[in-house]
Amino acid sequence: MLPQPRRRPNRVIAVLGAAVIITAGAGLVACGGQGTDKPAAQPMPAKAVDHVRIADFAYAPAATTVPAGTTITFTNTDSAPHTATSGPSPTADGVFDTGTLKKGRSKTVKVTKPGTFAYYCAIHPFMKATLTVK
């Protein structure tokens with residue numbers, strides 16, 4: 001009987017295993033896993049921004065509440081042009097108006113006055129929503 005050849009570990013597997021261990025260790029250090037007692041850096045607070053999407057002849061969300069000073073972005077994803085005009089339909093009150101937004105267009109408005117404001121689409125007055133500013 002012939003002697004069985006001695007098997008060597010697959011070098012590719014050994015190299016890949018070492019690479020995984022090194023990468024995992026580097027990832028732990030990058031994530032703060034070095035064992036220090038220092039607290040992680042806190043992220044900066046986000047600016048008060050809210051988004052209203054116009055789609056399917058409706059505002060989403062239909063009711064929004066934001067703090068005073070918030071910048072709101074209205075984005076028209078509908079095929080038809082729309083507006084977001086403050087006031088009871090069909091009477092604008094001048095608090096905000098995006099003007100006509102074609103498909104894919106956005107407009108930001110800043111609301112500073114507290115209150116609850118109805119708004120509507122001046123082109124399609126049946127489209128209505130409310131914005132509450134606290």
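The values are calculated or read from the model by the stated rules, or taken from the named source; none is laboratory data. Quick caveat, the model's predicted, so the values are computed rather than measured. Methodologically, a virtual Cβ is constructed for each residue, glycine included, from the backbone with ideal geometry; neighbour enumeration extends over all protein chains shown. Quick note on the areas: whole protein, heavy atoms, side chains included, nothing else; ligands and nucleic acids left out. Shrake-Rupley method; radii C 1.70, N 1.55, O 1.52, S 1.80 Å.
Can you name the residue in the range 86-113 that is within 16 Å of residue 55 (Cα to Cα) and open to solvent by less than 70 Å² (accessible area, probe 1.4 Å) and is also nearest to the chain's Cα centre (by Cα) among such residues?
First, the residues of the range 86-113 that are within 16 Å of residue 55 (Cα to Cα): 98, 100-107.
From the residues that got through so far, the ones that are open to solvent by less than 70 Å² (accessible area, probe 1.4 Å) too are 98, 101, 104, 106.
Details: 98: 21, 101: 20, 104: 17, 106: 15 Å.
By that ranking, first place goes to 106.
Which pairs do you get when a residue that is without any contact (Cβ under 8 Å) to a residue 40 or more places away in the chain and under 22 Å from residue 56 (Cβ atoms), found in the range 83-109, comes within reach of a residue that is open to solvent by 80 Å² or more (accessible area, probe 1.4 Å) and among the hydrophobic types (A, V, I, L, M, F, W, C), reach meaning Cβ atoms under 8 angstrom, with the pair 6+ apart or on two chains?
89/126
Looking at 55, 122, 118, 48, which is the one that is closer than 22 Å to residue 134 by Cβ, surrounded by 13 or more Cβ atoms within 10 Å (Cβ to Cβ) and at pLDDT 95 or above? It would help to see each step written out before you state the result.
On the way: 55 fails: closer than 22 Å to residue 134 by Cβ; 122 fails: closer than 22 Å to residue 134 by Cβ; 48 fails: at pLDDT 95 or above.
One residue alone meets the criteria, 118.
Out of 95, 111, report the one residue that is touching a Lys or Arg at 6+ places or on another chain (Cβ under 8 Å) and at pLDDT below 95. Quick ask: steps written out before the conclusion?
Values: 111 fails: touching a Lys or Arg at 6+ places or on another chain (Cβ under 8 Å).
Result: 95 is the single residue among 95, 111 that is touching a Lys or Arg at 6+ places or on another chain (Cβ under 8 Å) and at pLDDT below 95.
Is it the case that some residue within the range 16-28 is farther than 19 Å from residue 113 by Cα, modelled with pLDDT of 95 or more and open to solvent by less than 40 Å² (accessible area, probe 1.4 Å)? Talk me through it step by step, then tell me what you get.
Of the range 16-28, the ones farther than 19 Å from residue 113 by Cα are 16-28.
Within this subset, residues satisfying the condition of being modelled with pLDDT of 95 or more are none.
Checking the range 16-28: not a single residue is farther than 19 Å from residue 113 by Cα, modelled with pLDDT of 95 or more and open to solvent by less than 40 Å² (accessible area, probe 1.4 Å).
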